[in-house]
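Participant: Just dropping this structure here.
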Amino acid sequence: MFSEQAAPTAQGLLAPPSAEPPTFPRVPVSGYSDCSQPFQLGQRSFCRQYAHIYAVRLAGTRPGLERRARSRWGKDVVLRKLSELQAGEKCCVVGTLFKDMQLQPSILQEISEEHNLVPQPPLPKYIQPSDELILEDELQRIKLEGAIDVQRLVTGTTLAVYGCEEEDGKFLVEDHCFAGLPPPLPWNGPSSDRFVLLASGLGLGSVSGEALLSTQLLVDVVTGQLGAEGEQSCAAQITRVILAGNLLSQNTQSRDTINKAKYLTKKTQAASVEAVKMLDEILLQLCTSVPVDVMPGEFDPTNYTLPQQPLHRCMLPLASAYATLRLVTNPYQASLDGVRFLGTSGQNISDIFKYSSMENYLEILEWTLLAGHISPTAPDTLGCYPFYKSDPFILTECPHVYFCGNAPHFQSKLLQGNEGQRVLLVTVPDFSATQTACLVNLRDLTCQPITFSGFGADSED
Amino acid sequence: MEQPRRITDSFPRRRRRGPGRPPGRLKDKKDKNKVQVKVKVRDSPRAPSPPPPDPALLEMLRRFDLSWEYGPCTGTPRLQRWERAQELGLSPPGPIRDALLEHRDNPDVTYRWVWVGGTG
């Protein structure tokens, strides 16, 4: 791929410059369309409760789950609501899961005076062996036990369970199934090599400036200012750069100034101001050369609840003068050259990681695709806008590339589905920690990591 | 030297009354014998208020609120709930929508059934 094309001309660096410097035109942008309208909120009203989003989620996924249940357990499987259950009868129930966790941080417990508890420090995982799974449908709830992995599942998932109700009022599960991979999209991918660079977690504004050199190297590679003619011709095939969140580092989030008196904090500037200026300069260099999509992340100056709205262009005055800069929502969905991309900045995956026994980010990413929902834990443990008409996080079509940002390592996998779906799952690593970005080849859905390290003889290119 | 110009030459002083205040009386000192003219502030004719909806209609709407098939009823106007149920394919009854559109101005009809003395 990249390295194979670049290697033969590596000696070109030692040769004298040619009389006429060659130019490499970047591959033209063709076929971009933004499909993230469901994630763009216009007028926001927070007077509604979250019961609506759960009701719509269940109503929206129920038909698909009933179809899957019939195909898995036979056409004449009995589908019952919880209110119609009869003890001892084998039947299938469709509902939403609720996981009752002892260690789940509860604001009511923290402020309750009778407990006098110190607020619980954040733990990496909140699972315990004593957790219980409860299935809820529109009217009732029932405790689940049996052939179901309590530790692995999280609240908010809709699924179908097959089993029977026992004498003591619990439901004994024999088998369960999720919505499965959504129906496939037609493939219109390009016939020649086209690359998209995925990077996340640039982490500007952090105390240490080590990642700045790597960020500058990344920008130089993409804009073709690094390497010999081989690398430059490869870089000309990069059609787009997607920055998947956490452009600012967590250090910019410090809120010490809130507790201090106003006269002490009059002249102090928020740390994010300097960081956003740096971001603007980096984006300016990128935007002059390649279209860039900027997604907000956990530590970026936008709203906290999912879906996060795009950063405002007034923060990036130099870069937003260029039409190649696109400020987009988190989650982000777009069709690039006929290939459908869908991804988030990683808050959904890391939230599931905290409340499930799954250890691997790629495994969690695959599980969310098979469960048919981008972020089932919203709004329970992850902040979410109170939707009432439809749940935009339900997956209705299968994307070709499904990514999540700010993962601890780079991992990728090509998933094949029964109905001809081909999905490339990519966990984009945190650039400030790993100095690694990903290059996705749109022609054959392969992915390659690209690492920039300041010292050391082995830096893959 | 010309007369010093005042701002009140271009913007004459007008005495403004608040919306809820009683209308002032025009005082004309020269014509004390004449009948004082009272100017009414509100003299636009009011549109006739629509007939109140009958209790049977309100009862039908209450039953629509409490039917669990169409989702939760709190925090959203009834018409929005009806349209959402329609989009999800739950086939809510048509007469409800006609009644909601007919009595659009009446807040008892458009909003869901409220607990007496609660926020719901």
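Participant: Name the helices (runs of 4 or more DSSP H) wholly inside segment A:269-377 in which the number of residues that are under 30 Å from A:Tyr54 (Cα atoms) is 3 or more.
Facilitator: A:347-355, A:361-371
Participant: Since A:Phe171 meets every condition but one in (1) over 26 Å from A:Thr396 (Cα atoms); (2) open to solvent by 40 Å² or more (accessible area, probe 1.4 Å), which condition does it not meet?
Facilitator: (2)
To keep it simple, each residue is scored yes or no on (1) touching a residue at least 60 places away in the same chain (Cβ under 8 Å); (2) surrounded by fewer than 10 Cβ atoms within 10 Å (Cβ to Cβ).
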site	(1), (2)
A:Asn251	no, no
A:Asn259	no, yes
A:Lys266	no, yes
A:Ala270	no, no
A:Val273	no, no
A:Ile282	yes, no
A:Leu286	yes, no
A:Val290	yes, no
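Participant: Looking at this structure, is A:Leu336 more than 12 Å from the chain's Cα centre (by Cα) and surrounded by 24 or more Cβ atoms within 10 Å (Cβ to Cβ)?
Facilitator: yes
Participant: Among the residues of segment B:46-69, is any assigned to a loop (DSSP other than H, G, I, E, B), modelled with pLDDT of 70 or more and more than 14 Å from chain A (Cβ to nearest Cβ)?
Facilitator: There is at least one residue in segment B:46-69 that is assigned to a loop (DSSP other than H, G, I, E, B), modelled with pLDDT of 70 or more and more than 14 Å from chain A (Cβ to nearest Cβ).
Participant: Are there any strands (runs of 3 or more DSSP E) wholly within segment A:34-151 with 3 or more residues that are in contact (Cβ under 8 Å) with a residue 60 or more places away in the chain, and if so which?
Facilitator: Correct list: A:90-100.
Participant: Determine, yes or no, whether A:Phe393 is at pLDDT below 90 and not aliphatic (A, V, I, L, M).
Facilitator: Criteria not met by A:Phe393.
Participant: From the set of residues in segment A:412-434 that are under 14 Å from A:Gly343 (Cβ atoms) and either over 14 Å from the mean Cα position of the chain (by Cα) or free of Cβ contacts under 8 Å to residues at least 60 places away in the same chain (or both), which is most open to solvent (accessible area, probe 1.4 Å)?
Facilitator: Among those that are under 14 Å from A:Gly343 (Cβ atoms) and either over 14 Å from the mean Cα position of the chain (by Cα) or free of Cβ contacts under 8 Å to residues at least 60 places away in the same chain (or both), it is A:Ser412.
The values are calculated or read from the model by the stated rules, or taken from the named source; none is laboratory data. Note that the coordinates shown come from a computational prediction; the quantities given were computed from them, not determined experimentally. Neighbour counts run over all protein chains shown; Cβ positions are idealised from the backbone, glycine included. Areas reflect the complete protein model, heavy atoms only, side chains present, ligands, DNA and RNA absent. Shrake-Rupley method; radii C 1.70, N 1.55, O 1.52, S 1.80 Å.
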